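The values are calculated or read from the model by the stated rules, or taken from the named source; none is laboratory data. The structure displayed is predicted, hence computed values, not measured ones. Cβ placement follows ideal geometry from the backbone for every residue including glycine, while neighbour counts extend to all protein chains displayed.
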């Protein structure tokens, strides 16, 4: 059901080959669209999906599209990291899970830092965790008024990623950023827009129509000028962002092995199992 | 007529000597005022005007005024770079136009980066292009509610200048800055104020009266304290801003010779010629 | 009386031993609270109080509380530096006052830069000067709708401190920051919130109740995750902030000896003496 938890254990999700239907990539009108497509799990992101998105971004950076869009299918944009990613313990044990998770996360975020064309988020519904923190690396963020923005890291004994420890204070100032990143305050779409995380909010009823009309117009602008503009805007801090990403992933790897985090995840999963 | 295009070819504009009436400088009440004064061409900025403004800023930095104001005469603040600057081809050809344009632009923007006294924009009406991007280098920006803020660089195959590739994301975050600088979204005065580009918006009916009363009061504050405060605030990033300016001008020089840009300018000028 | 000026000369204030009642420190529910407690002098900060707050912050960083709060007792949050600090001239003369004042200020601000746990300001009323500028170093700022934010440095011939010459332009952009820091514009709580200096504003009638309920909930979150998150967010610019603080204090030391500043303080104190 659409309200099913992102923690629903789905054995074998991880074994899908590239081309699985959990991430759907399409391209038309100069726009490559990468869509989270696990609506029954609120578009929670499995290990396999991280890998598919990396491949999709690499392909989009070289295809003949002008702009690239990330969006979600169904009610959610994405509920974030699928916590069952932590429950598949390999021979190397939990340390191995933490290490390989940190390596994958770093590679995933690096792809967003380096993406060379305008990258736009079409946030169709609630976003939790890494789909929120990554928004600081997008060039524009359009949100339905149904969308919410939630980063409950401390509640799970974890810390910020997606370069948000750097981009969020820069975008909204530390007084607003800390309430999200440390205290886990959930923002409405209008709040996220007032604080600069979101470019513009649209009523749900006209969201898809208005946003895609606008994106199609933008996709017709001179592609080289846009690509060079983006490089100009982003090049100043690319090196800094890669360093932040590396630091965040190292710290998270330690967090995942901490008592605070393990207890929080066990509690979360067992609460969900009882529902 | 006031609605005449900024692309109107006005032979010989360029030959005016310093002291032309296209830039008017006055000084009273501790305030030096530098005014765009080409209202019939929407205060479009000719090559000669860039040079006159450089001289006016150099003089204002040394005169006995406390603060310096830039404003426009007539309906517009300024419609930006006069595109006919590109139509006067010297013996060195279009490459020579691009090269000398980049040198002049860099020198012009450097004057704003280094200006030592409080610098205030009194934005009396619409602003397009470089008069908008420069606002990130001002210390305060007061706008009439008639003002709009428009940077259609991509539409003309061009890229951002005036250090806006650095100042705009810093001021408003990348999600808002990109929509202006890459996608050419035009902001109202209230939007520009909400996003931190404008200090305060006033109703057109009382704009001049309210703003000048406030500026006269500010001009009476201790001048050394204000000058030292400005230096303190700006010194941290002066070196960075000069580097950004140099990079933006180099990239623009290349853009001006690109097919995307030449086609866009030819289309713009021929559309205007048909009106 | 509650409306008595912060410049009221109170001989011997300075001689109080640590444990004076001008700064009250309490700890419960995982929260250490440091309270300005000179309500009859609008919580103006004496030399002795700077020293007590430094000690209180050092103790709070090591105690077993999870978060630390700074607030004021009575109508004011704090009216800032007690200008009578400048009237107690030691044998070394006014130069000695300026030098030791700059050393103390630098040490005081360094404690805020380095504070390792979430640090929250509960701004119960008007704030003037350094209690305002320091807010850029807090992790969250909750304000009553009675609070105002005022930094009239230029009016007193002085310049910005508390790292505000760096944090304010970063938080609100130069066009808003300059109006506060150079022109001394006073902000309402709602304006300060819109510009990112304040996290959230509450009606005075429910302020204490709502804020403390929220803080008690935050204090129950995993403490290590919060501490590490804060370090992650702040570590990027700690070195920069210490350099800014040193520069601001050096410049202020010079300002305090300038004619502009001495004249302004004499005028301020004699105006108050006549009331």
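Points to keep in mind about this one:
- Enumeration of residues in region B:191-212 that are in contact (Cβ under 8 Å) with a residue 12 or more places away in the chain, more than 12 Å from residue C:175 (Cβ to Cβ) and either assigned to a loop (DSSP other than H, G, I, E, B) or within 12 Å of chain C (Cβ to nearest Cβ) (or both): B:203, B:204
- Candidates A:238, A:272, filtered to the one that is away from chain C (no Cβ under 13 Å), farther than 24 Å from residue A:118 by Cβ and in contact (Cβ under 8 Å) with a residue 40 or more places away in the chain: A:272
- The set of residues from region A:177-190 being at negative phi, within 8 Å of chain C (Cβ to nearest Cβ) and touching a helix residue (DSSP H, G or I) at 6+ places or on another chain (Cβ under 8 Å) comprises A:177, A:178, A:181, A:182, A:183.
- Condition broken by residue C:262, with the remaining ones in (1) more than 9 Å from every other protein chain (Cβ to nearest Cβ); (2) buried (at least 17 other Cβ atoms within 10 Å of the Cβ); (3) in contact with a helix residue (DSSP H, G or I) (Cβ under 9 Å, 6 or more places away or on another chain) satisfied: (2)
- Scanning region B:85-102 for residues that are in contact (Cβ under 8 Å) with a residue 60 or more places away in the chain, assigned to a helix (DSSP H, G or I) and more than 28 Å from residue B:115 (Cβ to Cβ) yields a total of 2.
- Among the residues of region A:82-109, those that are closer than 30 Å to residue A:227 by Cβ and either modelled with pLDDT under 90 or in contact with a helix residue (DSSP H, G or I) (Cβ under 6 Å, 6 or more places away or on another chain) (or both) comprise A:104, A:105, A:106, A:108, A:109.
- Residues of region A:126-138 that are within 14 Å of another protein chain (Cβ to nearest Cβ) and either assigned to a helix (DSSP H, G or I) or more than 15 Å from residue A:36 (Cβ to Cβ) (or both): A:132, A:133, A:134, A:135, A:136, A:137.
- Being modelled with pLDDT of 95 or more, in contact with a helix residue (DSSP H, G or I) (Cβ under 8 Å, 6 or more places away or on another chain) and either more than 14 Å from chain C (Cβ to nearest Cβ) or not in a strand (DSSP E or B) (or both) is a property that does not hold for residue B:141.
- Restricting region B:145-154 to residues that are surrounded by 24 or more Cβ atoms within 10 Å (Cβ to Cβ) and more than 7 Å from chain A (Cβ to nearest Cβ), the residue that is nearest to residue A:234 (Cα to Cα): B:151
- Qualifying residue in region B:155-171 (condition: closer than 18 Å to residue B:54 by Cα and away from chain C (no Cβ under 12 Å)): yes
- Meets criteria (touching a strand residue (DSSP E or B) at 6+ places or on another chain (Cβ under 9 Å), crowded, with 22+ Cβ neighbours inside 10 Å, touching a residue at least 60 places away in the same chain (Cβ under 8 Å) and under 12 Å from residue B:23 (Cβ atoms)) for residue B:45: yes
- Within region A:103-125, the residues that satisfy the criterion of being outside any helix (DSSP H, G or I) and within 15 Å of the chain's Cα centre (by Cα) are A:115, A:119, A:120, A:121, A:122, A:123, A:124, A:125.
- Take the conditions (1) surrounded by 15 or more Cβ atoms within 10 Å (Cβ to Cβ); (2) in a helix (DSSP H, G or I); (3) more than 9 Å from chain B (Cβ to nearest Cβ); residue C:221 misses just one of them, which is (2).
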